[in-house]
Amino acid sequence: PKVTIRNLEDANKIFGPAQTAVARAVADAVAEGIIPKEKCEDWVIIASVFVHPNAKNYRKIYQFNYGATKLAIRRALKGYPSVDKVLREKDRGVHPIMGFRVQRLWNPPYLQVALDLDKLDYVLKIVEQLPNRERLILEAGTPLIKAHGTKVIEKIREVRPEAFIIADLKTMDVGRIEVKEAADSTADAVCILGVSSKATIEKAILEAQKHGIYSILDMMEVYDPVARLEDLYYKPDIVLLHRNVDAERAAAEAGKPWETEWGNITEIKEKFKCLVGVAGGITPQTAKKALEKGADIIVVGRYIIRSRDPRRAAEQFLDLMPPDPDTMRLILDEDEAIGEI
């Protein structure tokens with residue numbers, strides 16, 4: 001393996017306890033029948049060891065690398081983990097060095113809190129009060145981004161490092177540039193307007209794919225969302241069925257009823273294999289109806305951010321959803337079944 005050795009002390013750690021651990025783990029694997037004796041002259045084992053720069057305890061260095069090497073050999077020869085297990089676990093794990101998990105929307109439904117305000121200090125206070133739940137995701141609203149730029153996402157992440165954060169760019173032109181700026185500011189998703197040109201939408205979606213973030217297509221003012229999606233070569237990860245707030249207010253001022261329908265959620269999900277979110281003046285009552293129709297994401301702004309108690313307001317929506325994924329999971333107990341390795 002390639003190692004970085006700064007001095008003789010580092011050399012002693014590598015060529016002392018670490019090397020001994022690997023050699024003994026391989027020898028014991030042969031003695032225990034994990035590696036067939038007849039293969040000893042044919043097989044080559046390449047082992048990478050890890051020694052933390054601050055590690056001092058030779059016993060711990062030895063035990064860690066002995067156990068890790070022997071387990072890796074056993075797993076490799078047993079074909080563990082299976083592809084299916086890797087796919088199940090890929091969005092659950094936390095790398096021990098990185099120290100945080102990059103959230104993915106793999107187990108809906110979710111509550112998306114739209115931070116549609118322009119005062120950063122006030123927004124951060126709201127974020128601090130919100131429940132620390134995996135089912136709660138955050139949206140850096142358009143007013144916030146217009147006032148402070150995409151760097152505001154990094155400010156929000158200082159308060160909630162593991163949060164899934166959406167940049168509501170409402171992109172209508174130069175899609176690639178806007179998406180790249182949001183991705184560079186650690187956004188997990190970007191919002192593109194469905195009324196934009198086909199070229200703008202597809203360039204923005206492609207740029208999101210390049211950066212490994214979600215693309216959201218906001219269908220506000222789109223008469224036929226299904227036709228719009230069918231016309232696109234690159235499809236969004238999330239389709240947002242969005243009621244227009246200005247139109248809602250105009251209807252209220254005119255004394256006209258305002259329907260809380262979002263179209264055929266099920267058809268869009270089945271046809272395009274995407275998540276579907278709903279937005280626009282949502283309350284716990286209308287949220288329940290949307291969830292029953294199959295909505296994956298409930299986008300709520302005013303009801304939460306204008307509340308005197310944002311935490312309690314958010315919990316009213318979270319209470320309509322299942323517990324967070326893996327709440328009752330015993331991770332170590334499920335890591336490997338008896339006899340699996």
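The numbers here are math on the coordinates, done by the rules we state, and not lab data. Small disclaimer: the values here were computed from a predicted structure and weren't measured. Cβ coordinates were reconstructed from backbone atoms using ideal geometry, including for glycine residues, and neighbour counts include every protein chain displayed.
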Here FRET efficiency (C-beta to C-beta, residue 63 to residue 151, R₀ 41 Å, nearest 0.05) is 0.40
antiparallel share of DSSP beta bridges within the chain, to nearest 5, in %, is 0
Placing each pseudo-label 7 Å from Cα in the direction of the beta carbon, residue 327 and residue 119 end up separated by a distance in nanometres of 3.3
The alpha-carbon center of segment 199-224 and that of segment 120-185 are separated, in whole Å, by 17
Comparing 268, 137, 205 in a Gaussian network model of the chain (Cα, 10 Å), the one with the largest mean-square fluctuation is 268
Taking 76-84, 269-277, 26-34 and ranking on average Cβ neighbours within 10 Å, highest first, one gets 269-277, 26-34, 76-84
Under the Karplus relation with 6.51, -1.76 and 1.60 and θ = phi - 60°, whole-Hz ³J(HN,Hα) for segment 64-75, x at Gly and Pro, equal 4, 6, 5, x, 5, 5, 5, 5, 5, 5, 4, 5
The simple spin-label model distance between residue 302 and residue 159, using points 7 Å out along Cα→Cβ, in nm, is 2.2
Between residue 169 and residues 5 or more places away or on another chain, the pairs with built amide H atoms under 5 Å apart involve 191
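For a quick check: sort 66, 58, 214 by the number of other beta carbons within 10 angstrom, fewest at the front.
With the fewest neighbours first, 66, 58, 214 line up as 58, 66, 214.
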Using alpha carbon centers only, segment 227-243 is separated from segment 26-89 by a whole-angstrom value of 46
Excluding residues fewer than 8 positions from residue 119 in its own chain, the lysines with Cα under 29 Å of it are 146, 151, 155, 170, 180
Once normalised by the length of the chain, the mean sequence separation of its alpha carbon contacts under 8 Å that are 6 or more apart gives a contact order in percent of 14
Which residues qualify? For residue 282, with a placed amide H closer than 5 Å and at least 5 residues away or on another chain, they are 301
Excluding near-sequence neighbours (fewer than 8 apart on one chain), segment 8-79 holds lysine pairs with C-alpha atoms under 25 Å apart numbering 10
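Could you give the length gained on full extension between residue 27 and residue 95, defined as 0.36 nm per residue of separation minus the Cα-Cα distance, in nm? Walk me through the numbers before you get to the answer.
Numbers: separation 68, 0.36 × 68 = 24.48 nm, distance 2.92 nm.
Contour length minus Cα-Cα distance gives 21.6 nm.
Using Cα pairs closer than 8 Å and at least 6 residues apart in sequence, work out the relative contact order for segment 14-98, in percent. Don't jump to the answer; show the numbers that get you there.
Details: 45 pairs, mean separation 35.1, N = 85.
Averaging sequence separation for qualifying contacts and normalising by length gives 41 percent for segment 14-98.
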The set of residues whose placed amide H lies less than 5 Å from the amide H of residue 112, leaving out same-chain residues fewer than 5 positions away, is 137, 298, 299, 300
